[in-house]
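To keep things clear, I will list the structure first and then write my remarks on it.
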Amino acid sequence: MKKLKSIVALSLTFSVLMSCLFSAVATSSVEDVLTAEEKITSELKEQYALADGDEVIAQVWFSDIDISSAEAVALKSTGMTKAKLESYEVADPLAASDQVLAEQDDEIQAYIEAKRAAARELYTDYNQKLADELLSGTEVFYISRYSPVVLAKLSENSAMTIAEHPKIQMISYYSNDVISEDLTRASSPSISINDVNTITRVNSVHESSNYGYTGQGVKIGVLDIGIPNTSQFSNLNIKKILTVGTVSEPDVHAATILDIVSSVAPDAEYYLASDQYTIYDMQTIEMLLDYGVNIINASRTIGELEDTCQYGEIEKWLDHIAYQHDVHLVQASGNKGGGSVAGVGTGPSPGAMAYNIVTVGNLDTKGTPRYSDDVIASNSSCYTGSTLAYKPDICAPGSNIYSRFYQDAVSGTSLAAPQVSGVIALMCEQRPALKTQQTAVKAILTAGVNFDSPHRYTPSNANYKKYGAGLLDCVGACYVAGNYRYTNSSIASGTTSKTHTFTVNSSDSRIRVSLAFNVKSSGSGTDHGTITTGSKLDLNIQVKDPSGRVVGSSTTKNNNVEIVDFVPTTTGKYGIVVFYRFH
């Protein structure tokens with residue numbers, strides 16, 4: 001475990017995040033307001049019409065368990081306390097020895113795994129009892145061990161009958177598609193993986209004279225359509241290979257993804273997982289959770305292949321997993337271009353519209369280390385509508401990258417996502433507390449984007465929908481994380497705003513404030529309803545100078561990332577006002 005040894009020059013970034021659990025505010029429940037008819041999604045009804053009386057694979061959502069009981073069990077079994085965990089969140093990594101950081105990492109990892117084990121036991125028991133009660137005699141495909149979900153084959157009459165039960169929240173269609181890789185062969189000029197790491201400044205972070213981070217102590221799950229030839233990765237610490245159903249091995253797509261992420265985090269522990277049918281996605285991801293992974297990289301779709309550009313059942317499930325189980329989910333945005341209408345073949349791939357994950361777009365570097373000629377790849381998927389979160393969240397080089405596993409250079413957001421996953425691993429090595437802080441990581445990544453790149457956007461800029469916050473910058477992220485230029489906070493029930501302050505010095509030429517928050521209840525944008533209770537949370541920010549003048553604001557309605565970028569005109573104490581509403 002290495003600590004920060006020196007700071008590479010970088011314009012100041014200040015990352016603010018809010019971890020908000022507004023259970024005391026949003027108290028209405030789905031089962032109180034939805035009828036049995038309303039609990040069955042329109043997509044499932046359409047499938048029943050096409051099935052002409054046959055059964056259809058359905059995703060059945062139950063009302064959720066109280067996860068706090070799993071947290072209590074984990075604290076007791078590991079000897080941890082909430083106060084101790086919170087002290088790690090605010091500890092100064094520069095003041096801690098390597099041994100102290102290593103001890104923190106061990107304790108935090110033990111807590112994560114104990115909490116998941118307790119949650120797994122609770123969900124397994126809870127879901128099995130409800131399945132026995134409601135789905136007796138039904139073909140059940142999978143009973144989730146980390147969420148209140150069961151996949152089962154249901155007739156329309158059966159779906160309507162069980163929808164009457166008060167513990168049923170939603171019944172939706174779940175497809176069983178075959179997943180395939182989505183890369184395009186690129187023309188010259190190409191760029192090597194090492195050159196990519198120079199562009200994102202990963203190589204600078206690897207240097208012991210600067211940072212010296214390599215992903216040590218971090219567990220990365222790589223979810224793909226196949227398994228690479230592991231003999232070609234004898235230098236890596238590959239701990240487990242997990243497969244569900246029939247998978248391809250060796251698989252060059254999976255090998256390329258592992259090659260990229262391991263070039264960023266070579267000393268991480270790797271857990272390789274694969275399935276080729278969407279019906280297995282939940283099971284495969286939950287297997288990775290069993291092994292305590294901190295990051296899951298998905299350079300592929302997750303869920304129904306035609307379910308593009310919308311917030312549906314798999315997005316709700318991914319949001320639940322990220323929210324409940326302390327895991328950083330990173331997914332490629334897809335290679336279908338921009339879009340705003342669900343199911344039309346454009347826009348982010350299935351899974352990529354989830355709020356609580358990090359969705360990654362593809363920046364075409366034109367094969368050069370210069371930033372001035374960079375453009376977003378024309379087929380890099382983005383959401384251009386106004387009813388859901390803007391995606392991608394961030395972009396990384398993904399075009400014309402030479403891989404030793406392909407004869408030609410290849411392109412796609414598949415290649416961009418593992419770079420972000422690797423950088424998150426370096427951040428978690430630097431500050432072990434970030435393993436449990438999904439909102440902190442997203443805020444730090446989007447605040448610490450490359451300041452030399454012309455592609456640095458805020459949500460008010462139209463290009464934000466194409467590029468996200470900007471180009472991934474490993475030095476920027478580690479600078480923010482290592483110097484504790486971020487804060488964790490929450491807003492108490494009954495209040496509508498909260499102010500944080502920070503000091504601007506004469507050397508600060510540009511300030512970038514990023515706020516990120518998780519969305520537990522996320523519904524609007526499609527007719528799929530909600531998975532939890534209450535209305536969707538919306539946080540916004542204003543930044544005020546020492547005189548109280550507003551120098552910037554970000555007030556997007558559906559986004560869960562808000563960014564203000566400004567050049568200060570005076571030094572002194574600035575305020576960041578966070579305010580919220582429900583809609």
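The values are calculated or read from the model by the stated rules, or taken from the named source; none is laboratory data. Worth saying up front: this structure is predicted, and the values here are computed from it rather than measured. Every residue, glycine among them, receives a Cβ derived from its backbone with ideal geometry; neighbour counts consider all protein chains shown. With ligands, DNA and RNA removed, areas are computed over all heavy atoms of the protein, side chains included. Shrake-Rupley method; radii C 1.70, N 1.55, O 1.52, S 1.80 Å.
Highlighted here are the helices (runs of 4 or more DSSP H) found entirely within segment 58-151 that include at least 2 residues which are closer than 23 Å to residue 174 by Cβ and of a type in the set (D, E, K, R): 98-134. Tell me, which residue of segment 538-565 that is β-branched (Val, Ile, Thr) and under 25 Å from the mean Cα position of the chain (by Cα) is nearest to residue 439 (Cα to Cα)? Residue satisfying both the conditions and the ranking: 561. Here 534, 548 are screened, and the one residue that is modelled with pLDDT under 90 and open to solvent by 20 Å² or more (accessible area, probe 1.4 Å) is 534.
So, in segment 164-187, how many residues would count as being among the basic types (Lys, Arg) and modelled with pLDDT of 90 or more? Looking only at that region, the number is 1.
Residue-by-condition table, conditions (1) part of a loop (DSSP other than H, G, I, E, B); (2) under 16 Å from the mean Cα position of the chain (by Cα); (3) crowded, with 24+ Cβ neighbours inside 10 Å:
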position: 307; (1), (2), (3): yes, no, yes
position: 322; (1), (2), (3): no, yes, no
position: 341; (1), (2), (3): yes, no, no
position: 344; (1), (2), (3): yes, no, no
position: 352; (1), (2), (3): yes, yes, yes
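Is it the case, given these coordinates, that residue 396 is surrounded by 24 or more Cβ atoms within 10 Å (Cβ to Cβ), without any contact (Cβ under 8 Å) to a residue 60 or more places away in the chain and not in a loop (DSSP other than H, G, I, E, B)? Considered against the rule, which asks whether it is surrounded by 24 or more Cβ atoms within 10 Å (Cβ to Cβ), without any contact (Cβ under 8 Å) to a residue 60 or more places away in the chain and not in a loop (DSSP other than H, G, I, E, B), residue 396 comes out as no.
Taking segment 266-280 as the range and being part of a helix (DSSP H, G or I) and open to solvent by 10 Å² or more (accessible area, probe 1.4 Å) as the test, the residues that pass are 279, 280.
The rows are residues; the columns are (1) more than 19 Å from residue 147 (Cβ to Cβ); (2) modelled with pLDDT of 90 or more.
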| residue | (1), (2) |
| --- | --- |
| 276 | yes, no |
| 292 | no, yes |
| 304 | no, no |
| 311 | no, no |
| 322 | no, yes |
| 331 | no, yes |
| 337 | yes, yes |
| 341 | yes, no |
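Residues satisfying the criterion are absent from segment 168-182 (criterion: closer than 12 Å to residue 39 by Cα, open to solvent by 10 Å² or more (accessible area, probe 1.4 Å) and of a type in the set (A, V, I, L, M, F, W, C)).
Scanning segment 460-502 for residues that are under 16 Å from residue 374 (Cβ atoms) and charged (D, E, K, R) turns up 466, 473.
The strands (runs of 3 or more DSSP E) located wholly in segment 163-260 that include 2 or more residues which are under 30 Å from residue 110 (Cα atoms) and touching a helix residue (DSSP H, G or I) at 6+ places or on another chain (Cβ under 6 Å) occupy 219-224, 237-243. From the list 50, 17, the one residue that fits, being within 30 Å of residue 208 (Cβ to Cβ), at pLDDT 50 or above and not charged (D, E, K, R), is 17.
Looking across segment 491-508, the residues that are open to solvent by less than 70 Å² (accessible area, probe 1.4 Å), modelled with pLDDT under 85 and either within 24 Å of residue 356 (Cα to Cα) or among the hydroxyl-bearing types (Ser, Thr, Tyr) (or both) come down to 491, 492, 495.
Selection of helices (runs of 4 or more DSSP H) fully inside segment 413-484 by the criterion of at least 1 residues being among the basic types (Lys, Arg) and in contact with a Ser or Thr (Cβ under 6 Å, 6 or more places away or on another chain) returns 464-467.
For (1) crowded, with 24+ Cβ neighbours inside 10 Å; (2) more than 21 Å from the chain's Cα centre (by Cα); (3) not aliphatic (A, V, I, L, M), each residue gets a yes or a no:
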| position | (1), (2), (3) |
| --- | --- |
| 230 | no, yes, yes |
| 233 | no, yes, yes |
| 244 | no, yes, no |
| 247 | no, yes, no |
| 264 | yes, no, no |
| 282 | yes, no, no |
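Among the conditions (1) among the charged types (D, E, K, R); (2) within 18 Å of the chain's Cα centre (by Cα); (3) farther than 22 Å from residue 423 by Cβ, residue 408 misses just one, which is (2).
Take the residues in segment 145-157 that are hydroxyl-bearing (Ser, Thr, Tyr) and either without any contact (Cβ under 8 Å) to a residue 60 or more places away in the chain or out of contact with any Leu (no Cβ under 8 Å at 6 or more places or on another chain) (or both), then tell me which one is farthest from residue 70 (Cα to Cα). Only one residue fits best here, namely 155.
Residue check: residue 298 meets all listed conditions (1) open to solvent by 10 Å² or more (accessible area, probe 1.4 Å); (2) among the aliphatic types (A, V, I, L, M); (3) in contact with a helix residue (DSSP H, G or I) (Cβ under 9 Å, 6 or more places away or on another chain) but one, namely (1). Report yes if some residue within segment 362-374 is touching a Pro at 6+ places or on another chain (Cβ under 6 Å), open to solvent by less than 10 Å² (accessible area, probe 1.4 Å) and not aromatic (Phe, Trp, Tyr); otherwise report no. Within segment 362-374, one or more residues are touching a Pro at 6+ places or on another chain (Cβ under 6 Å), open to solvent by less than 10 Å² (accessible area, probe 1.4 Å) and not aromatic (Phe, Trp, Tyr).
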